[in-house]
Amino acid sequence: MELKSLSAIQNYTSAKPATTPVEGEEGAGAALRNIAGDFAATLARSEQVAQSTMMGDADPHALVQALAQTELAVETAVSVRNKVVEAYQEILRMPV
């Protein structure tokens, strides 16, 4: 056995596994939590503005703007959901 191949084996065995998360990095789960939190905050903000407008405390233009932001957020969420479903269906069609 060559010395080169022995050192390669030692390097391979001492390397960290690919599934171990690196400290300081956010994973996909954290990113999805942030996105879901932003989505929920947008909906809550829109609901607050709508309630304020009904009570006569907020500007109707603020209501229109909040509703437009909510509409955009919902359309984006639906688009992402559709892409995920399409990808899942494509995976199911793959031969095993």
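The values are calculated or read from the model by the stated rules, or taken from the named source; none is laboratory data. Just so it is clear, the model here is predicted, and its values are computed rather than measured. Every residue, glycine as well, gets a Cβ built from its backbone with ideal geometry; the counts of neighbours run over all protein chains shown.
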Search result, residues across region 53-70 that are under 18 Å from residue 39 (Cα atoms) and polar (S, T, N, Q):
65, 69, 70
If you go through region 79-88 one residue at a time, do you hit one that is aliphatic (A, V, I, L, M), modelled with pLDDT under 90 and more than 22 Å from residue 37 (Cα to Cα)?
no
Take residue 78 and decide whether it is assigned to a loop (DSSP other than H, G, I, E, B) and either in contact with a strand residue (DSSP E or B) (Cβ under 9 Å, 6 or more places away or on another chain) or exposed (fewer than 11 other Cβ atoms within 10 Å of the Cβ) (or both).
no
Odd one out for residue 65 among (1) more than 18 Å from the chain's Cα centre (by Cα); (2) surrounded by 10 or more Cβ atoms within 10 Å (Cβ to Cβ); (3) modelled with pLDDT under 90
(3)
